[in-house]
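Chemist: Sending over a structure as structure tokens; questions will come in a sec.
The values are calculated or read from the model by the stated rules, or taken from the named source; none is laboratory data. What you see is a predicted model; the values in this text were computed from it and never measured. Counting neighbours? That spans all protein chains shown, and the Cβs are built from the backbone with ideal geometry, glycine included.
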Amino acid sequence: MISLDNSIIFTGEQRLTTHSVLIDSGTIIDIVPSENIPTNVKHIDLKGQILCPGFIDLQQNGCGGVMFNTSPSKQTLMHMHKTNIKTGTTSFLPTLISDSDEAIRNGINACKAYMNENPNHVLGMHLEGPYTNPVRKGIHPQEQLRAPGDNMVEWLSGQTPWLKKVTLAPEMNKPEHIRALVRSGIIVSIGHTAASYQEAKQSFSYGISFATHLYNAMSPISGAREPGAVGAVLDSGSLYAGIIADGHHVHWANIRIAKQTLGNRLCLVTDGTAGSSAPKELDKFDFCGTTIYIKNGKCLDEKGTLGGSSLTMNEGVKRLVENAGVSLDEALRMASLYPAKAIGVSDHLGCIKPGFVANLIVMNQDYKVSASIVNGVIVRN
């Protein structure tokens, strides 16, 4: 058993300054007043830093110079995990953007193999497309966009928990396909969509419960009479949504509006790529056949279209606090507790509670992550 001492503990619900966290065999055993720590434990002094739940990134295409689409393998996932923990992400959904059926199968199989060997790192694959609308394709390759057949939907529906989330444009998909995915336990998300307000609202009744990178690649509020997919999400009363808080994808005022409207259903995501935590010499990378250039923190193709981001979760927390006026505690929830709730894992991740998985991070006052605890194992930066 180890005791994490001398920290500002943010449990996900409250701050504690005179307590210690006890961990044994990868599980949080208890949170106790520091004077009541049992004997014969290993003490670790956190030197007054913040101890909080590990971040959960629900949309990550790659990081550290690699892309999941380019090489959907266990090796890529391990590289992403080792890169992630340096910036506070202890769990993530590797995201495969619009690609061939073979690539989709390879990605899911890689997640299955990795998850069987490494619990609580990868929480399942996020399939972002190809069942989307070409009008809102963003950086996705147009030649891959298509509607799924019955056989593919049946196969995808049998891939839980390795497949956790599917982003699609509801106007391009059969309602019975959306319902089948939802019934199987897959989180279905609206995204890359040109749906009208009414079309989007109707699709929520099929079981759609999330919105992928809110505001980006979806029909906007275009006036008083057409709120679009964005308006439908904000007006849903139930949907969770991801937001890319890098200062490039979404105006800070729009983030504030979304936060005021969605409250505890707004989740920080990175939409990270090879440019996130990239090697210094990396100035461009391939994204499904498109060359993406890293320029002043932006990931852009030659036409200036955003191709994912170079954001990390700890930097996203910082920017939410400093640019969007979100409190630190709430920004931390947007990076941990709310994502856990959005994908149905908040019974064991996203909080510091007895019985929860010991996926935690140690962060200083400058938002730098000095150590991560994954399944109870401490990794220092």
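Chemist: Mind listing just one residue for me: the one in the range 179-208 that is within 21 Å of Q59 (Cβ to Cβ) and out of contact with any helix residue (DSSP H, G or I) (no Cβ under 8 Å at 6 or more places or on another chain) and, of those, surrounded by the most Cβ atoms within 10 Å (Cβ to Cβ)?
Modeler: Ranking the qualifying residues of the range 179-208, first place goes to G191.
Chemist: Which condition breaks for A331 when tested against (1) in a loop (DSSP other than H, G, I, E, B); (2) surrounded by 21 or more Cβ atoms within 10 Å (Cβ to Cβ)?
Modeler: (1)
Chemist: Residue by residue through the range 268-287, note down the ones that are surrounded by 15 or more Cβ atoms within 10 Å (Cβ to Cβ) and not in a strand (DSSP E or B).
Modeler: Selection gives T270, D271, T273, A274, G275, S276, S277, A278.
Chemist: For the range 55-95, what are the residues that are closer than 27 Å to R333 by Cα and among the charged types (D, E, K, R)?
Modeler: Once the filter is applied, which keeps residues that are closer than 27 Å to R333 by Cα and among the charged types (D, E, K, R), the range 55-95 yields D57, K82, K86.
Chemist: If H213 meets every condition in (1) touching a residue at least 40 places away in the same chain (Cβ under 8 Å); (2) touching a helix residue (DSSP H, G or I) at 6+ places or on another chain (Cβ under 6 Å) apart from one, which number is that one?
Modeler: Of (1) touching a residue at least 40 places away in the same chain (Cβ under 8 Å); (2) touching a helix residue (DSSP H, G or I) at 6+ places or on another chain (Cβ under 6 Å), only one is false for H213: (2).
Chemist: So which residues in the range 60-119 are out of contact with any Ser or Thr (no Cβ under 7 Å at 6 or more places or on another chain) and among the aliphatic types (A, V, I, L, M), if there are any at all?
Modeler: Hits for the range 60-119 are L77, M78, M80, L93, L96, I97, A103, I104, I108, A113, M115.
Chemist: State all residues of the range 151-171 that are more than 24 Å from the chain's Cα centre (by Cα) and either under 21 Å from F204 (Cα atoms) or touching a residue at least 60 places away in the same chain (Cβ under 8 Å) (or both); if no residue qualifies, say none.
Modeler: If the condition is that a residue be more than 24 Å from the chain's Cα centre (by Cα) and either under 21 Å from F204 (Cα atoms) or touching a residue at least 60 places away in the same chain (Cβ under 8 Å) (or both), then E154, E171 are the ones that fit.
Chemist: A further question follows. Run down L282, L320 and say which single residue is closer than 25 Å to H79 by Cα and over 13 Å from the mean Cα position of the chain (by Cα).
Modeler: L282
Chemist: Same structure, new question: Could you grab me the full set of residues in the range 288-307 that are of a type in the set (G, A, S), surrounded by 13 or more Cβ atoms within 10 Å (Cβ to Cβ), farther than 15 Å from S277 by Cα and modelled with pLDDT under 95?
Modeler: Within the range 288-307, none qualify.
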